[in-house]
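Engineer: Submitted below is the structure of interest, expressed as structure tokens.
The values are calculated or read from the model by the stated rules, or taken from the named source; none is laboratory data. These figures come from a predicted structure and were not determined experimentally. Positions of Cβ are backbone-derived with ideal geometry, glycine not excepted, and every protein chain shown enters the neighbour counts.
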Amino acid sequence: MRIKLETLAGKEAIFIASECVSLLDAKQKDYGPRNISRFGVRGLAVRLYDKVERLAHLLMDKDSEPANESVEDTFKDIANYGLIGLMLLRDKWPADEPEDAQPFYGIVGTDTETHTQ
């Protein structure tokens, strides 16, 4: 798929989205797809609600630093739950991960990268 991004926000978002997808991929290697497919969209809604509550706690409790999960980690998880939800709605969520799955190699960036890092 080719996309045309014309705004700074769109260009930055593609880099951040690739970070989120890399995290999703790493977690799926640990958990596998059944933890999502077993309960479907309703189970995902519960997980998403938990993450939103975690985010509210992190943002409102200014007196302490989080020990296990940062605000950024929480936002990435929320974004990934959105992606997983879309895959479930489109019947694209895998029931199992094949043993012989081939990796996908993609490049996110250009000669004139505009993202901030």
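Engineer: Within region 98-105, is even one residue assigned to a loop (DSSP other than H, G, I, E, B) and of a type in the set (Gly, Ala, Ser)?
Structural biologist: To start, the set of residues in region 98-105 that are assigned to a loop (DSSP other than H, G, I, E, B) comprises 98-105.
Pick out the ones that are also of a type in the set (Gly, Ala, Ser) and you get 101.
Yes, the conditions are met somewhere in region 98-105.
Engineer: Regarding region 61-76, can at least one residue be identified that is in contact with a Lys or Arg (Cβ under 6 Å, 6 or more places away or on another chain) and either part of a loop (DSSP other than H, G, I, E, B) or over 19 Å from Phe104 (Cβ atoms) (or both)?
Structural biologist: yes
Engineer: Of all residues in region 34-75, how many are among the aromatic types (Phe, Trp, Tyr) and within 18 Å of Leu24 (Cβ to Cβ)? Before you say what the answer is, go through the steps one by one.
Structural biologist: If we filter region 34-75 for residues that are among the aromatic types (Phe, Trp, Tyr), which is where we start, we get 39, 49, 75.
Filter again for within 18 Å of Leu24 (Cβ to Cβ), leaving 39, 75.
Number of matching residues: 2.
Engineer: Follow-up question, since we're still on this one. Which of the following residues is of a type in the set (S, T, N, Q), at pLDDT below 90 and surrounded by 11 or more Cβ atoms within 10 Å (Cβ to Cβ): Asn35, Asn68?
Structural biologist: Working: Asn68 fails: surrounded by 11 or more Cβ atoms within 10 Å (Cβ to Cβ).
Just a single option satisfies the conditions, and that option is Asn35.
Engineer: Here are Glu69, Glu19: which of them is within 29 Å of Glu97 (Cβ to Cβ), in contact (Cβ under 8 Å) with a residue 24 or more places away in the chain and either among the acidic types (Asp, Glu) or touching a Ser or Thr at 6+ places or on another chain (Cβ under 6 Å) (or both)? Step through it out loud before you land on a result.
Structural biologist: Details: Glu69 fails: in contact (Cβ under 8 Å) with a residue 24 or more places away in the chain.
The match here is Glu19.
Engineer: Just give me the residues in region 9-31 being of a type in the set (Phe, Trp, Tyr) and in contact with a Gly (Cβ under 9 Å, 6 or more places away or on another chain), in sequence order. Write out each step before concluding.
Structural biologist: Within region 9-31, the subset of a type in the set (Phe, Trp, Tyr) is 15, 31.
Matches in region 9-31: Phe15 only.
Engineer: Okay, moving on. Would you tally the residues in region 2-32 being assigned to a helix (DSSP H, G or I) and either among the hydrophobic types (A, V, I, L, M, F, W, C) or more than 27 Å from Ala95 (Cβ to Cβ) (or both)?
Structural biologist: Looking only at region 2-32, we keep the residues that are assigned to a helix (DSSP H, G or I), and these are 8-31.
With either among the hydrophobic types (A, V, I, L, M, F, W, C) or more than 27 Å from Ala95 (Cβ to Cβ) (or both) added as a condition, the list becomes 8-17, 20-21, 23-24, 26.
Qualifying residue count for the region: 15.
Engineer: Another question, if that's okay. Would you confirm whether any residue within region 45-57 is among the aromatic types (Phe, Trp, Tyr), at pLDDT 90 or above and loosely packed, with under 15 Cβ neighbours inside 10 Å? Write out each step before concluding.
Structural biologist: So in region 45-57, the residues among the aromatic types (Phe, Trp, Tyr) come out as 49.
Filter once more, so that each one left must be at pLDDT 90 or above: 49.
In the following step, the residues that additionally are loosely packed, with under 15 Cβ neighbours inside 10 Å were identified as 49.
So far as region 45-57 goes, yes, one or more of its residues are among the aromatic types (Phe, Trp, Tyr), at pLDDT 90 or above and loosely packed, with under 15 Cβ neighbours inside 10 Å.
Engineer: Right, something else. Only one of these is farther than 26 Å from Gly106 by Cα, at pLDDT 90 or above and not hydrophobic (A, V, I, L, M, F, W, C): Arg90, Arg42. Name it. Explain how you work it out, then say what you get.
Structural biologist: Details: Arg90 fails: farther than 26 Å from Gly106 by Cα.
Exactly one residue qualifies, and that residue is Arg42.
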